Amino acid sequence: MRTSLAHAPARRSRARRYFFDRAAETLPREELEQLQLKRLRASLRNAYDNVPLHRQRMDAAGVQPRDVRTLADLRALHCTLKSDLRDHYPFGLFARPRERIVRVHASSGTTGKPTVVGYTAKDLELWAGLMARTLACAGARPGDVIHNAYGYGLFTGGLGVHYGAERLGATVVPMSGGNTERQILLLRDFGARVLCATPSYALAIAEVAERQGIDLRASRLEVGMFGAEPWSEGMRKELDARLGVMSVDNYGLSEILGPGVAVECEARDGLHGWEDHFLFEVVDPESGLPTPEGEAGELVITTLTKEALPMIRYRTRDITRATTEPCACGRTHVRMKRITGRNDDMLIIRGVNVYPSQIEAVLVGLPGIEPHYQLVVERKKSLDHLTIEVEAGPGLPIARYPAAAQDVRHHVKSMIGVTAEVVMKPPGGVPRSEGKAVRVRDLRPKGL
């Protein structure tokens, strides 16, 4: 049974303001930028001396690491793309010999060669510390039971959270994804206070618990740290209500580090990007020029402290906006608004730009509709055609499916401006994911 948002439990009273590394997290902006510049010059030197690709591109631009005297000088340098990692597969962008790499992670490689990332022992220490800081910022505390439902293995999510939770001094339940019924059993029996998962899988956990007659809102759960896929504010409210948690957005990507790059604090008013270890830019996706503060653009990240895989101006393809305005929590690090989507996830349907997260925002909260969906894109008579497969709630009579589908179609048209066919699926009819949700099935002929 779907929980009404109006019946979300009152938040348990507990002091939330806590800094894992208060001095670093509250540095005055001027001191923070001085530290960034010092670390940037060292990171550029590491890349120039040890990675042929970066050396060739800096030489071609006529820029040496010593020429970077201000943070703005970084804009004269080249950008690094995901394709660069694939073109230099597997270890061609590493700044340390393979013998000094103590761990590798990799993408699934579903669109070609996987992107491979590596870590020295020092990098892993850095990562664990930043993840501990991230978990603390999200609301986790030493001594908490942290239920980790991110996937373990080549995906960075599971192990990234795991070692950060241990560094924080928490008790880690290394559950990984899948076996949802057992997830629910252990969440209750072990008394987890923090759940870490993708938002789509957290919703699946809530859904299975409700079918079993288990109210996770009555458990010890208080914090949900969710990430690894774009999700909407509506989804946040849904998770808050159905799990009885404060849902916090977490951001990271393997090419930069993994999870632990940015996270929301208790104010939930943007994700704090850890600027003492990363330099963030927001640029126009087409021109590459910086956008004014507060305006949307593509997130570009330069690593400042990584040894094995220094990244110079990495084009994340993630769309966000950023502000350096003070946060109520006291942290001074830049705040990035929720990732609304990726450039390469954006669909253009008859001239209208559509992100999956926009569709999600429309669906969440519609009566009789579950927040599970897939977008199917096809080419029909030389035109792109969008079908939205949505899932009916268990209380919606089959006879009401056509009217509910028409209601979804109307809302999508009026709020996003795109005309779509809507197919109503029965409860459970939209595939679930134990990791990142698959939101788009693009059936158009390749190359068109």
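The values are calculated or read from the model by the stated rules, or taken from the named source; none is laboratory data. Owing to the predicted nature of the structure, the values given are computational and were not obtained by experimental measurement. No Cβ is skipped: glycine too gets one built from the backbone with ideal geometry, and neighbour counts run over all protein chains shown. Areas reflect the complete protein model, heavy atoms only, side chains present, ligands, DNA and RNA absent. Shrake-Rupley method; radii C 1.70, N 1.55, O 1.52, S 1.80 Å.
Assorted remarks:
- Report summary: the helix-based calculation at 222 nm, which adds -39500 (n - 2.57) for every DSSP H run with n ≥ 4 and divides by the residues of the chain, gives -9000 deg cm²/dmol.
- Shown here for region 251-290: GluC sites (Glu not before Pro) in loop regions (DSSP other than H, G, I, E, B) with at most 12 other Cβ atoms within 10 Å, namely Glu286.
- Among Ile339, Ile301, Ile184, the largest mean-square fluctuation in a Gaussian network model of the chain (Cα springs under 10 Å) belongs to Ile184.
- Per-residue 3J(HN,Hα) values for region 392-407, derived from phi via the Karplus relation 6.51 cos²θ - 1.76 cosθ + 1.60 with θ = phi - 60°, read 6, x, x, x, 8, x, 4, 4, 8, 4, x, 5, 5, 5, 5, 5 Hz in sequence order (x marks Gly and Pro).
- Note on Leu289 and Ala399: with the Förster distance fixed at 41 Å, the Cβ-Cβ geometry gives a FRET efficiency of about 0.15.
- For mean projected area of the Cα convex hull in nm², the candidate list reads (1) 26.7; (2) 23.4; (3) 21.6; the entry that matches the value derived from this model is (3).
- Excluding ligands, DNA and RNA, the accessible surface per residue across the chain is 42 Å² with a 1.4 Å probe.
- For His411 and Arg182, the difference between the fully extended length at 0.36 nm per residue and the C-alpha to C-alpha distance is 78.7 nm.
- Amide H contacts of Asp318 (H built 1.01 Å from N, under 5 Å, at least 5 apart or other chain): Leu299, Asn343
- Beta bridges from DSSP with both residues in the chain: antiparallel share about 65 percent, rounded to the nearest 5.
- Pairs of Lys residues in the chain, spaced 8 or more positions apart or belonging to different chains, with C-alpha separations under 16 angstrom: 5 in total.
- Here the accessible area of the chain is 52 percent carbon and sulfur, with a 1.4 angstrom probe and all protein chains present.
- Rounded to the nearest 20 debye, dipole of region 17-77 from Cβ charges on Lys, Arg, Asp, Glu: 60 debye
- Rounded to the nearest whole Hz, the Karplus-based 3J(HN,Hα) values (6.51 cos²θ - 1.76 cosθ + 1.60, θ = phi - 60°) of region 218-229 follow the sequence 8, 7, 8, 4, 10, 10, x, 9, 10, x, 6, 7, with x at glycine and proline.
- Cβ charges +1 (Lys, Arg) and -1 (Asp, Glu), total dipole of the chain, debye: 400 debye
- Charge sum, other residues only, whose C-beta stays under 15 Å from Ile256's C-beta, Lys/Arg counted +1 and Asp/Glu -1: -2
- Sparse-neighbourhood loop sites, trypsin sites (Lys or Arg not before Pro) in region 56-128 - DSSP loop, at most 10 other Cβ within 10 angstrom: Arg69
- Long-range amide H partners of Gly393 with built H, under 5 Å: Ile369, Glu370
- Counting only protein heavy atoms and using a 1.4 Å probe, the accessible area of Phe190 comes to about 110 Å².
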